[in-house]
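Participant: Below is one structure. I have some questions about it.
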Amino acid sequence: MEISNVNVFDLKEKYGTPLYIFDAAHIKNIMKLYKDNFKSNQFETEILYASKAFNVKEMIRLVKDNGLSLDCVSVGELYTALSVGFDPKKVYFHGNNKTYDDLLYIINNNVGTIVVDNLDELKCLSDILNNLKKSVNIIIRLNVGVEAHTHKFIVTAHVDSKFGVIYNSNDFKEMLDIINNNKYINFMGFHSHIGSQIFDLACFKSALEKLIGYCKDFKEELVLNIGGGYGVHYTNEDKPIPFDIVSKTLIETCENLLKENNVKIKKLAIEPGRSIVAEAGYTLYTIGYTKKTPNKEYYFIDGGMTDNIRPALYGAKYDCDIVGKENLVKDHTVTIAGKCCESGDLIIENYKLPEAKQGDLLITYTTGAYGYSMSSNYNKALTPAVVFVDNGKSKLAVKRQTLEELIEREL
Ligand SMILES: *Cc1c(COP(=O)(O)O)cnc(C)c1O
């Protein structure tokens, strides 16, 4: 088995397991798909990589080299980006509870746009700007009452979200007052992010309809950022829309709505995270012991919920193979269990695989998003190494954590 022309057994020899493997060529292709197709001759466009999906220096370098902008949700993500020279002007900073210190750090580091989530935040921001006598661009995160998740989406008065404000609510009106009375705040437009792993683009139309309707109340042309959430292929249950089609559809939908409403906007932005990295990521494990119980057969791996929490957290499904045995008869129904002291530490349940023996390599697919970024040291597991492969070459991006590093901060 090869990934971007690099042999997987060689990767195991060189870097050990568990190992996160990222196909850089694949990531670059997807970025290009978005860039080539998410454009319009009626308004500017901007593609931000939502870095919470996978934020390490080597990934940020790829984003930078491929000309995308960046979405950060924490000072840690921003710090990582700045450490590789990412242009802060191309950063949008999110979060429902940015502290005073966070805002200070963001402003002092010249972040391009702050996505203001609520009234209290805007008050805090306004005070800081008055003190510093410094200007920033902001967009307001709106709760547009559209909530989407995978195959379902709901358009309701979903009023209780922790994210965003409701258009024309009292809080919103007060926010406009603050903006109008503070010359340091450049109000640019609106943001909405309606969910993740979405396969039905109609929900973005619903959200855009709302946002474009609101634009009518403003004289200036606004920036609209419609978030991310474009679905990817984990297993055959998932039927993602190719990202060039996603891009074109969103642009067309927006252009049509602008025409219908006789409105102009300055810019349309999207924030894909998962769809840029998920399918480019693999996790490689070594199988240790196997075990049969009356109703189950287990293959135990040398990682688990510490490197991939998604199955335990929300029942996420994955495909996998035993490396070098992809084409053997899959006549064992097995459960892939990690080595943590939790019965729920199962990566894949009741899955057809060939017979495995100790020392075989197991590879899980589509682990590039929310895998490494959600990893933990539970049970004092060491965080695995991350390697990037590209056209026959491999490059270590994150070193495997050592035992010394594990207790480095403990006094
Ligand atoms: C998580 C998130 C994204 C990215 O979502 P994906 O499902 O990874 O594409 C974009 N914008 C905001 C505000 C988010 O919270």
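The values are calculated or read from the model by the stated rules, or taken from the named source; none is laboratory data. As the structure is a computational prediction, the values presented were derived from the model and not from experiment. Here the Cβ positions follow ideal geometry from the backbone for every residue, glycine too, while neighbour counts run over all protein chains shown. Side chains are part of the model used for accessible areas, which takes the heavy atoms of the whole protein and leaves out ligands, DNA and RNA. Shrake-Rupley method; radii C 1.70, N 1.55, O 1.52, S 1.80 Å.
Participant: From the list Leu313, Leu284, Leu328, which residue is surrounded by fewer than 22 Cβ atoms within 10 Å (Cβ to Cβ) and either touching a helix residue (DSSP H, G or I) at 6+ places or on another chain (Cβ under 7 Å) or not in a loop (DSSP other than H, G, I, E, B) (or both)?
Facilitator: Answer to the check: Leu313.
Participant: Let me ask something else. Within 30 Å of Asp302 (Cα to Cα) and in contact (Cβ under 8 Å) with a residue 40 or more places away in the chain: is that true of Lys52 in this structure?
Facilitator: So Lys52 passes the test.
Participant: If you don't mind, another one. Can you find even one residue in region 290-297 that is open to solvent by less than 20 Å² (accessible area, probe 1.4 Å) and in the same structural domain as Arg400 (by TED's automatic domain parsing)?
Facilitator: Checked against the condition, which is being open to solvent by less than 20 Å² (accessible area, probe 1.4 Å) and in the same structural domain as Arg400 (by TED's automatic domain parsing), region 290-297 yields no hits at all.
Participant: Consider Ala269 carefully, then state whether it is in contact (Cβ under 8 Å) with a residue 12 or more places away in the chain, crowded, with 20+ Cβ neighbours inside 10 Å, within 16 Å of the ligand (Cβ to nearest atom) and part of a helix (DSSP H, G or I).
Facilitator: When the stated conditions are applied, Ala269 does not pass them.
Participant: Scan (1) free of Cβ contacts under 8 Å to residues at least 60 places away in the same chain; (2) assigned to a strand (DSSP E or B); (3) under 24 Å from the mean Cα position of the chain (by Cα) for the single condition Lys205 breaks and write down its number.
Facilitator: (2)
Participant: Could you count how many residues in region 358-396 are touching a Cys at 6+ places or on another chain (Cβ under 9 Å) and farther than 17 Å from Met1 by Cβ?
Facilitator: Residues that pass the stated criteria total 3.
Participant: Of the conditions (1) open to solvent by less than 10 Å² (accessible area, probe 1.4 Å); (2) within 16 Å of the ligand (Cβ to nearest atom), Ser373 fails just one. Which one is it?
Facilitator: It fails just one condition, (1).
Participant: So which helices (runs of 4 or more DSSP H) stay within region 1-66 end to end and still have 1 or more residues that are within 16 Å of the ligand (Cβ to nearest atom), closer than 27 Å to Met188 by Cβ and open to solvent by less than 10 Å² (accessible area, probe 1.4 Å)?
Facilitator: 24-37, 57-65
Participant: If you don't mind, another one. Checking the structure you have, find out if any residue of region 251-265 is at positive phi and open to solvent by less than 20 Å² (accessible area, probe 1.4 Å).
Facilitator: Checked against the condition, which is being at positive phi and open to solvent by less than 20 Å² (accessible area, probe 1.4 Å), region 251-265 yields no hits at all.
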